[in-house]
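Data first, discussion second: the structure below is written as structure tokens.
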Amino acid sequence: MSLPLEERRATALRLSRDGLPLRAIAEQLGTSKDTVSRDIKAAERDEARQASETPSRPHAPACDVAPAPETPVARQRPQLALELDDQLCRDLATLTRTGVPARAAIRFAVAFVADGYRRAWEAGAYPDGVAPDRVALRMPPYDAGATPAGRRATRGDT
């Protein structure tokens, strides 16, 4: 199941701003690196056009958190503070072994699981709002000669 164009572009832009390499974004979205690059550019153009056409008040954050007060310099976004217990530290260390920064790894992991939930709900496999029992991760065997679009991005991939 592929995302509608506008949603794919918005997701590509968000993941890019979170620091994910183009190839990792392409893998997550099921497209090519070149498509991701075009999507990001198009989303930035759309964002700039909307900013020039809409009133100066920015959109509220898309999360269910009370908005931060306006500041003269920039609008503050809600922050997430999470105690890093031993297991979470080990899991984060595993994700960052690929060279992806911790912030991007956390965002990718949350987006990955959320996408699995959305797909289960949209397919009617689970009622909306009910967490699926498990999320499966399928991956092909590693092939060092494969193109990076066919495998998870690492340190040098962009």
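No lab work stands behind these numbers, since they all come straight from the coordinates. Keep in mind that this is a model prediction, so the values were computed, not measured. When we count neighbours, we look across all protein chains shown, and the Cβ atoms used for this are built from the backbone with ideal geometry, even at glycine.
Table for the structure above
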quantity: Simple label model, 7 Å out from Cα along Cβ direction - Gln50 to Arg103, nm; calculated: 2.2
quantity: Integer Hz, Karplus 6.51/-1.76/1.60 couplings in order for the range 94-103, x for Gly and Pro; calculated: 4, 5, 7, 4, 7, x, 6, x, 3, 4
quantity: Ordering of 98-105, 43-50, 7-14 by packing [mean C-beta count within 10 Å, highest first]; calculated: 7-14, 98-105, 43-50
quantity: Residues Asp86 and Ala136, FRET efficiency given R0 of 25 Å [Cβ-Cβ distance, rounded to 0.05]; calculated: 0.45
